[in-house]
Amino acid sequence: MVPITGLVESVRDMPEWGLVVATARLERGQRAAQSLNELNAADNRLLWLLLGADEPRTMRQIAEDLRLEQSTVNRQVNAALARGLVERLDSAGGGAKALRATPAGRAMFESELERKMSLLATALDALPAEAREDFVRHLEVFASAYVDAAEHQAQDGTARVAPRGELRGEGSPRGAGATPPRR
């Protein structure tokens, strides 16, 4: 096994290393920003979903939309109900009750979103004006590809570690970390 210092030295010039460093900085900034939040991550996800939906959602729909276990959604929804962030609606036919954000939940979500967007605007200002739109577009593509790759690995139950030569693009005609094109 290569000592960590040797590994770091061997990958320091690779773009992937730059991403490791940049995402570590980003995570540090996110932790600092989250320390000001009134909403936790579960409340934020739930409100994002409910406020973006065309109609109220049942617990089953929420579980499917968020790709979470029903028991997890039940616990998170009950916590949001207790905090007054969401409310249950009476169902006409006696079926599953739907949920929607309360005015207080909407206000809290919108306040945090506004603060988050202000932080992002400040960070974007560090880029030249002509590069901002391209940066956002490229970041969206990168984030989608990263989520796809991470979910694929999680689904397979394996965290594949590429051999060091493959990371450098050696032995891979498409370069470091290349994935086959989608068809």
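Just so you know, all these numbers are worked out from the coordinates, no wet-lab data involved. Treat the numbers as computed from the prediction; the structure is a model and nothing was measured. Methodologically, a virtual Cβ is constructed for each residue, glycine included, from the backbone with ideal geometry; neighbour enumeration extends over all protein chains shown.
In table form, for the structure just shown:
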{"item": "Only Lys, Arg (+1) and Asp, Glu (-1) charged, at Cβ; the range 41-108 dipole about Cα centre in debye", "result": "160 debye"}
{"item": "GluC sites (Glu not before Pro) within the range 39-94, DSSP loop, no more than 16 other Cβ atoms inside 10 Å", "result": "Glu69"}
{"item": "C-alpha center-to-center spacing [the range 64-112, the range 25-59] in angstrom", "result": "13 Å"}
{"item": "Radius 10 Å from Cβ of Gln76, net charge of other residues (Lys, Arg +1; Asp, Glu -1)", "result": "+1"}
{"item": "Segments 17-26, 48-57 sorted - mean Cβ within 10 Å per residue, highest first", "result": "48-57, 17-26"}
{"item": "Rel. contact order, % - alpha carbon contacts under 8 angstrom, at least six apart, the range 41-108", "result": "36 percent"}
